[in-house]
Amino acid sequence: MQKISTPLAPKAIGPYSQAISHDGILYTSGQIPLDLEGNIVGEDIATQTEQVISNLRAILNEANSDFSKVLKTTCYLADMSLFATFNEVYSKHFVSCPARSTVAVKTLPKQVLVEIEVIAYI
C-alpha cells in the first residue's frame, strides 16, 4: 500500500490521503472544488465540477494513471437538480464512461456543490 500525494492538488482537509494505491489500483479520496490554497473555486456546478476534475487529474497523473484508466466514480451532488449540468462537464473528461454512482447528499464539506472520488488502475 502506498500513499499518493501531489502538490498540484489541494492538501487533504482532514486525516486522510489524497489517494492510496494497492496492487495496481488507485483509490482517491473525494475531491471538492478547492484550489491549491484551499479556497473554494466557483459558485456554480459547472465551475466547481471543472475544478474537482482538475484536482483528480493531478492525483491520477501523480500515480501514473489518467481518466482513460478510471474504473469507477462516485459522485456526490448537493442538489440533484444540478445533475444535467454536472453531466455535461463530467462527460467531457470521462469519455471512457466508467461505472458510476451519483447520489444527492444533504451537505458536502465547506458547503460545496460537488465531490467526486475515483477508482482507477495504474
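The values are calculated or read from the model by the stated rules, or taken from the named source; none is laboratory data. Every value quoted in this text rests on a predicted model; they were computed, and no experiment measured them. Neighbour counts are summed over all protein chains in view; Cβ atoms, including those assigned to glycine, are modelled from backbone coordinates with ideal geometry.
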Seminar exercise, completed: The number of residues in segment 105-122 that are more than 25 Å from residue 71 (Cβ to Cβ) and either in contact (Cβ under 8 Å) with a residue 60 or more places away in the chain or part of a strand (DSSP E or B) (or both) is 1
Exercise. What number of residues within segment 51-77 satisfy the criterion of being under 11 Å from residue 118 (Cα atoms) and surrounded by fewer than 16 Cβ atoms within 10 Å (Cβ to Cβ)?
Worked result: 3
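Could you check, for segment 80-87, whether at least one of its residues is surrounded by fewer than 18 Cβ atoms within 10 Å (Cβ to Cβ), part of a helix (DSSP H, G or I) and at pLDDT below 95? Explain how you work it out, then say what you get.
Of the residues in segment 80-87, the ones surrounded by fewer than 18 Cβ atoms within 10 Å (Cβ to Cβ) are 80-81, 83-85, 87.
Of the ones still in play, those that are also part of a helix (DSSP H, G or I) are 80-81, 83-85, 87.
The next check asks that each one be at pLDDT below 95; those that pass are none.
Within segment 80-87, not a single residue is surrounded by fewer than 18 Cβ atoms within 10 Å (Cβ to Cβ), part of a helix (DSSP H, G or I) and at pLDDT below 95.
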For this session: May I ask you to verify whether residue 43 is touching a strand residue (DSSP E or B) at 6+ places or on another chain (Cβ under 7 Å), more than 11 Å from residue 118 (Cα to Cα) and of a type outside the set (Val, Ile, Thr)?
Result: no
For this session: Please name all residue pairs, on different chains or six or more residues apart, with Cβ atoms under 6 Å, provided the first residue is in segment 18-34 and is more than 19 Å from residue 49 (Cβ to Cβ) and part of a loop (DSSP other than H, G, I, E, B) and the second residue is hydroxyl-bearing (Ser, Thr, Tyr) and at pLDDT 95 or above.
Result: 24/121
Exercise. Can you tell me which of 89, 52 is touching a residue at least 60 places away in the same chain (Cβ under 8 Å) and under 26 Å from residue 37 (Cα atoms)?
Worked result: 52
Problem set entry | Output for segment 3-27, where each listed residue is more than 16 Å from residue 117 (Cβ to Cβ) and in contact with a Gly (Cβ under 9 Å, 6 or more places away or on another chain) | 11
